[in-house]
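The values are calculated or read from the model by the stated rules, or taken from the named source; none is laboratory data. Here the structure is a predicted model, which means the values were calculated and not measured. When we count neighbours, we look across all protein chains shown, and the Cβ atoms used for this are built from the backbone with ideal geometry, even at glycine. Remember, those area values only see protein heavy atoms, side chains included, never the ligands or the DNA or RNA. Shrake-Rupley method; radii C 1.70, N 1.55, O 1.52, S 1.80 Å.
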Amino acid sequence: MARIRVLVVDDHRIFAESLAAALAAEPDVDVAAAGSGPAALRALERAAAEARPYDVILVDAELGGPALGGAPAVGGSPAAGGVPALPVHRPEEPGAVDGISLVAQVRAARPGVRSVVLAEKDDPRCAARALQAGASGWVAKDCSLQRLLTVIRGVLRDETHLPPALLTGVLREMTTARKHRTESEQLVESLTPREREVLRCMVAGLGRKAVAERLFLSPHTVRTHMQNVLGKLGVHSTLAAVALARRAGVGPAEPVTVRLAGDVVERGSQLA
């Protein structure tokens, strides 16, 4: 029997323990748990290095809430006799991420892993964001175990699972997001090549001085370009310009690599 390896990612200890134990009772499911985004990413990396990758992660839509506490959660296969303890890491560690961000990171780093988002309530906007981030399913936390298992097995067949009541709202949200992306792309296209370079530096988080050094321009010239960028994009702040650029698919400028006496130094990746 092919076994399904599942990672539960939830920072509510009671829920994580209960779900892990319920899934562990299934004869074809191995389950582990993590209490934060960074802990989940480490678990995925470790499992891949051991050639035992996870197939599905179940991610709390509101990941990042209260700490789990010190004791471990439970779960796993009962084949060895009893249910082994599983470490649940605490979400207050540095680098904590929310559920949707975790889905996007897993999609980028581990495209073979399917993500299913577990939610307290049906939210079309959040569900649309989850799908755009790479989730294959959205399930209510109060659904039955059989429903959840159906979704887990379905996403492994490349199916996408959404509650029927959410379909109309999710389609509306995704259509609106696509429209906003198109408008943002048109605004970015109105920039000159140099202004687009400056915008990519802004997306990378570079300040005026760092942009000037990177592009071999004077700070005054960079200031002028930045003002032109804000004006053409119709925004009033760097943060708003970066948000619009992200919607248009503009990525950050690549770090500059400088070699000094055999050492490699990366520049252009910090705020000035």
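At-a-glance table
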item: Some residue of region 118-137 being in contact with an Asp or Glu (Cβ under 6 Å, 6 or more places away or on another chain), surrounded by 15 or more Cβ atoms within 10 Å (Cβ to Cβ) and in contact (Cβ under 8 Å) with a residue 60 or more places away in the chain; result: yes
item: Number of the exception - A51 against (1) without any contact (Cβ under 8 Å) to a residue 24 or more places away in the chain; (2) part of a helix (DSSP H, G or I); (3) of a type in the set (A, V, I, L, M); result: (2)
item: Single match in R153, R172, R157 (criterion: open to solvent by 90 Å² or more (accessible area, probe 1.4 Å), over 23 Å from G249 (Cβ atoms), basic (K, R) and modelled with pLDDT of 70 or more); result: R157
item: Close pairs from region 6-29: first farther than 21 Å from V103 by Cβ and open to solvent by 10 Å² or more (accessible area, probe 1.4 Å), partner of a type in the set (G, A, S) and in a strand (DSSP E or B), Cβ under 8 Å, at least 6 apart; result: R13/A73; E17/A33; E17/A73
